[in-house]
Amino acid sequence: MPPAYHFLIDPPLAGPWNMAVDEALLDDAAQSGRAYWRFYQWQVATVSLGYFQAYDEQARRYRERGLPMVRRLTGGGAILHDRELTYSVILPRDHPLARSRDDLYGVVHRSVVAVLSQWGLDPQLFVAGAAKPASEPFLCFERRAPGDVLAGRSKLAGSAQRRRRGAVLQHGSLLLAASDAARHLPGVGELADCTIDADELARRWLDELSKRLGGAWQPFRLPDSIRDRAADLLTGKYLTESWLRGRRVPA
């Protein structure tokens, strides 16, 4: 029998809370065996640093411009979260898609390709060619990794993973439109010459995922236990300068 998925569609929230909820769901999936799919957005334009990324001069420049900043649990380059739809999928260890990193990336990004095609785009999955440069750009959407979703030369969607004993978290961003803080990175709106509604995109994406993955898709609201865990992570990790600057603190 195909596994069940519990899905959440959250309103725009603050960056540290978004990251705390993703980690709390990861903890719960490892214990409960539940699989989650979450859509969310951001209250204000926010920069998230990758787990291993240095808090350097480029990061400070974005902060000095007044942009809130948070560090993610997953790796990769910095993401300027603004006019986008963000997703997270959290799977327990025994889920079929949790066994292979590439399989999970592939099924999610192929569903993005199918959905974006409904707006008249011709998106493709990026295939690596030449070796990576010695120094990569600060922003994730200026980088290219195998499996990223591109339309022409523009990257529209990318993802990153974090594996723990018992569960895996993958989350990523799909650019709806260019941010005022990064006008050089176009979104679906600019490339398809239309306005993209995040709720409509989420609905179509869920339809596509249910067709591809099967199983039951059950609406889910955070119980107090997960919300309390997220609150602890918020104050003990994601709001702290030590976490942001790269000095690890306990969860």
Worksheet, complete the sentence: Of all C-alpha pairs within the chain, those more than 34 angstrom apart amount in percent to 11
Item to complete: Sort 193, 148 so that the residue with the fewest other Cβ atoms within 10 Å of its own Cβ comes first and the one with the most comes last.
Response: 193, 148
Fill in: Cβ-based charge dipole, region 1-104, positive-most Cα from 52, 13, 96
52
Worksheet item: In whole Å, what are the Cα extents of region 4-81 along the three principal axes, biggest one first?
Response: 43, 26, 14
Practice prompt. Count the DSSP beta bridges whose two residues both fall in the chain, then state the antiparallel fraction as a percent rounded to the nearest 5.
Written response: 70
Worksheet item: Which order do 232, 180 fall in if you start with the one that has the fewest other Cβ atoms within 10 Å?
Response: 180, 232
Item to complete: State log₁₀ I(q)/I(0) for region 97-211 at q = 0.18, 0.19, 0.21 Å⁻¹ as given by the Debye formula over alpha-carbon point scatterers of equal weight, solvent excluded.
Response: -1.00, -1.10, -1.29
Worksheet, complete the sentence: TM-like helix rule applied to the chain (DSSP H, alpha carbon span at least 15 Å on the long axis, mean Kyte-Doolittle at least 0.5) gives 101-116
Practice prompt. Answer with one residue from 175, 225, 113: the one whose Cα lies farthest towards the positive end of the charge dipole of the chain, charges on Cβ with Lys, Arg +1 and Asp, Glu -1.
Written response: 225
Fill in: Nonlocal amide H pairs with residue 161, under 5 Å, H built at 1.01 Å
75
Discussion item. Counting only other residues whose beta carbon sits under 10 Å from that of residue 164, what net charge do I get with K and R as +1, D and E as -1?
Written reply: +2
Worksheet item: Taking all pairs of different Cα atoms in region 1-135, averaging 1/r and flipping that mean, what Kirkwood radius in angstroms comes out?
Response: 17.0
Worksheet item: For region 192-248, what is the charge dipole size about the Cα centre, in debye to the nearest 20, if Lys and Arg each add +1 at the Cβ and Asp and Glu each add -1 at the Cβ?
Response: 440
Worksheet item: What percent do you get for the relative contact order of region 69-193 when only Cα pairs under 8 Å and 6+ apart count?
Response: 33
Discussion item. Let me check against my output: what whole-number percent is the relative contact order of region 13-100, with C-alpha pairs under 8 Å and at least 6 apart?
Written reply: 40
Practice prompt. Let me have the relative contact order for the chain, percent, based on Cα pairs under 8 Å that are six or more residues apart.
Written response: 26
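None of the figures in this text is laboratory data; all of them are computed from the coordinates on show. What you see is a predicted model, and the numbers here were worked out from it, not measured in a lab. Counting neighbours? That spans all protein chains shown, and the Cβs are built from the backbone with ideal geometry, glycine included.
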